[in-house]
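The next block holds one structure in the form of structure tokens; read it before the comments.
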Amino acid sequence: MLVVGLARTGAATALFCTARGARVTATDSRTESEIGDAITKLRDAGVLLELGSHQAKTFLEQDLVIPSPGVPADEMHLQAARAKGVTIWSEIELAYRFLKGRLIGITGSNGKTTTASLVDHILKTAGIQTVLAGNIGTPLISCVGATKDDSCTVVELSSFQLELIDSFRPNIGVFLNLTPDHLDRHHTMEAYGAAKARLFENQIGEDAAVLNADDAAATPYAPSLPRVYWFSRKQRVAQGAYVRGQEIVFRQDGVEEVLLKLEDIPLLGSHNVENVLAAAAATRLAGAPAKAIAKGIQSFAGVEHRLEFVAEITGVRYYNDSKATNVDAALKALDAFPGRILIILGGKDKGSDYTVLQKPLREKAILALLIGAAAEKIEKQISGSVALDRAETLERAVEAASHAAQRGDVVLLAPACASFDQFQNYEHRGRVFKDLVRQLENHAAGATSGKG
């Protein structure tokens with residue numbers, strides 16, 4: 001078999017298969033020095049390595065090819081292998097065949113990580129053994145050994161992972177929302193939505209599908225075979241979780257139970273109310289009692305890089321939302337604050353339309369600091385809606401924001417772009433932002449103590 005791409009998921013897949021007796025070749029367009037430490041482990045395990053470029057012949061000689069999520073499904077060597085009848089699976093498809101226990105799969109354009117983390121936290125609060133994996137940072141293939149017949153695996157799933165499944169089937173599938181993202185990869189919204197909706201493809205009558213009743217783009221993907229549950233901030237649902245007045249209610253078979261009050265949700269933003277509703281529905285269906293769901297939500301500390309409060313310096317609050325890697329996520333971040341926002345935008349463009357940011361920027365922001373490769377495009381598309389600063393780098397943006405901000409203002413990193421132009425990933429970008437803010441905090445503290 002062949003593993004394509006040797007980032008975290010590819011390396012884990014190669015080692016997993018080798019340990020089970022497979023003859024594994026791994027290929028990566030990067031060189032050995034570019035890949036780094038993983039090479040030694042792979043070589044020691046007996047993985048045959050082809051580095052620096054992909055050899056067309058190698059793809060055609062395999063029984064099975066597992067491309068990493070970062071490798072497009074329409075990559076030319078994969079297309080040639082597919083035409084020859086070679087089986088091509090994503091890593092989650094392979095892992096699924098070895099998993100034990102129940103599986104909750106969570107996808108959507110935004111909110112996946114927060115919702116998956118919250119589901120995991122609620123289930124643990126309820127005393128249910130869980131494994132948290134997938135696009136959230138730990139490949140599902142790495143967690144197979146931790147699953148048991150009575151455990152529940154919670155998996156964050158990207159469109160890249162779902163587009164190459166075969167029999168992958170979650171007992172509970174959650175589709176949070178669908179907004180433009182990854183169009184540089186999927187090319188059309190139809191292809192992107194179809195990839196996401198494969199989450200429900202193999203479900204059977206006893207399974208559950210959970211969808212956002214308020215998201216017009218996602219609702220058409222409601223499947224016919226599994227039991228369908230909804231979540232909504234705006235309307236009563238026939239089955240599922242919704243907001244009634246100031247309460248979150250779960251409704252099933254005509255019976256309603258109050259889970260908690262809206263004021264008990266510790267997370268900022270109306271979008272996080274949706275994430276809480278989705279998590280409440282999924283965990284109730286997984287057997288968590290209402291009291292455990294309330295306790296789990298109330299005690300949830302949030303997730304790093306998602307509207308994460310970093311510091312307050314001389315009355316200015318700094319928030320890290322580096323995970324806002326698309327325009328819709330940036331819109332939701334803006335919506336979480338009443339106004340007086342200095343927002344840092346930019347990075348690697350994914351074929352996005354930034355014009356939709358104009359109205360909220362006009363209403364909420366006082367300055368947009370633009371960084372990275374997409375800065376010029378963003379400037380053209382939001383020009384006239386807010387004061388602009390072509391900061392170019394994150395360091396310069398934080399510095400400029402600190403000088404421009406006044407007491408009561410919010411400095412918000414919500415880039416609306418991928419990070420790969422200047423950073424390894426969104427986590428790296430978020431950590432750099434936090435380090436820069438803490439340097440400001442230390443400088444401010446030193447200045448204050450110096451005055452004393």
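The values are calculated or read from the model by the stated rules, or taken from the named source; none is laboratory data. It should be emphasised that the depicted structure is a prediction, and the values quoted were computed from it without experimental measurement. Every residue, glycine as well, gets a Cβ built from its backbone with ideal geometry; the counts of neighbours run over all protein chains shown. Only protein heavy atoms, including side chains, enter the accessible area calculation; ligands, DNA and RNA are left aside. Shrake-Rupley method; radii C 1.70, N 1.55, O 1.52, S 1.80 Å.
Count, please, the residues in region 148-182 that happen to be in contact with a Leu (Cβ under 8 Å, 6 or more places away or on another chain), open to solvent by 10 Å² or more (accessible area, probe 1.4 Å) and in a loop (DSSP other than H, G, I, E, B).
2
Tell me whether region 77-91 contains one or more residues that are surrounded by 15 or more Cβ atoms within 10 Å (Cβ to Cβ), among the acidic types (Asp, Glu) and in a helix (DSSP H, G or I).
Scanning region 77-91, I find at least one residue that is surrounded by 15 or more Cβ atoms within 10 Å (Cβ to Cβ), among the acidic types (Asp, Glu) and in a helix (DSSP H, G or I), so the answer is yes.
Would you tally the residues in region 112-147 being at pLDDT below 95 and part of a strand (DSSP E or B)?
1
What residue, among those in region 22-42 that are modelled with pLDDT of 95 or more and over 29 Å from the mean Cα position of the chain (by Cα), is most open to solvent (accessible area, probe 1.4 Å)?
This residue is 23.
Could you list, in sequence order, the residues of region 110-161 that are touching a helix residue (DSSP H, G or I) at 6+ places or on another chain (Cβ under 9 Å), among the aliphatic types (A, V, I, L, M) and under 20 Å from residue 17 (Cα atoms)?
133, 140, 141, 144
Which of the following residues is among the small types (Gly, Ala, Ser) and free of Cβ contacts under 8 Å to residues at least 24 places away in the same chain: 70, 85? Quick ask: steps written out before the conclusion?
Working: 70 fails: free of Cβ contacts under 8 Å to residues at least 24 places away in the same chain.
Exactly one residue qualifies, and that residue is 85.
Yes/no per residue for (1) of a type outside the set (Ser, Thr, Tyr); (2) more than 20 Å from residue 267 (Cβ to Cβ); (3) touching a Phe, Trp or Tyr at 6+ places or on another chain (Cβ under 8 Å):
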position: 283; (1), (2), (3): no, no, no
position: 292; (1), (2), (3): yes, no, no
position: 308; (1), (2), (3): yes, no, yes
position: 313; (1), (2), (3): yes, yes, no
position: 328; (1), (2), (3): yes, no, no
position: 363; (1), (2), (3): yes, yes, no
position: 393; (1), (2), (3): no, yes, no
position: 398; (1), (2), (3): yes, yes, yes
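For region 1-65, list the helices (runs of 4 or more DSSP H) that sit wholly inside it and hold at least 1 residues that are touching a residue at least 60 places away in the same chain (Cβ under 8 Å) and closer than 18 Å to residue 94 by Cβ; which are they?
Hits in region 1-65: 8-19.
When you go through (1) assigned to a loop (DSSP other than H, G, I, E, B); (2) surrounded by fewer than 18 Cβ atoms within 10 Å (Cβ to Cβ); (3) within 24 Å of the chain's Cα centre (by Cα) one by one for residue 309, which number turns out not to apply?
Only one criterion in (1) assigned to a loop (DSSP other than H, G, I, E, B); (2) surrounded by fewer than 18 Cβ atoms within 10 Å (Cβ to Cβ); (3) within 24 Å of the chain's Cα centre (by Cα) is unmet by residue 309, namely (1).
Please indicate, with yes or no, whether at least one residue in region 426-435 is at pLDDT below 95 and either open to solvent by 50 Å² or more (accessible area, probe 1.4 Å) or under 19 Å from residue 360 (Cβ atoms) (or both).
Scanning region 426-435, I find no residue that is at pLDDT below 95 and either open to solvent by 50 Å² or more (accessible area, probe 1.4 Å) or under 19 Å from residue 360 (Cβ atoms) (or both), so the answer is no.
Specify which of the listed residues (46, 5) is at positive phi and surrounded by 16 or more Cβ atoms within 10 Å (Cβ to Cβ).
Answer to the selection: 5.
Yes or no: residue 315 crowded, with 20+ Cβ neighbours inside 10 Å and at pLDDT 95 or above?
No; evaluated as a whole, the condition is false for this residue.
Just to verify a result, which residue in region 115-146, among those that are among the hydroxyl-bearing types (Ser, Thr, Tyr) and open to solvent by 10 Å² or more (accessible area, probe 1.4 Å), is farthest from residue 280 (Cα to Cα)?
142
Filter region 401-420 for residues that are open to solvent by 10 Å² or more (accessible area, probe 1.4 Å), touching a residue at least 12 places away in the same chain (Cβ under 8 Å) and farther than 15 Å from residue 323 by Cα and give the result.
Correct list: 402, 404, 405, 406, 407, 408.
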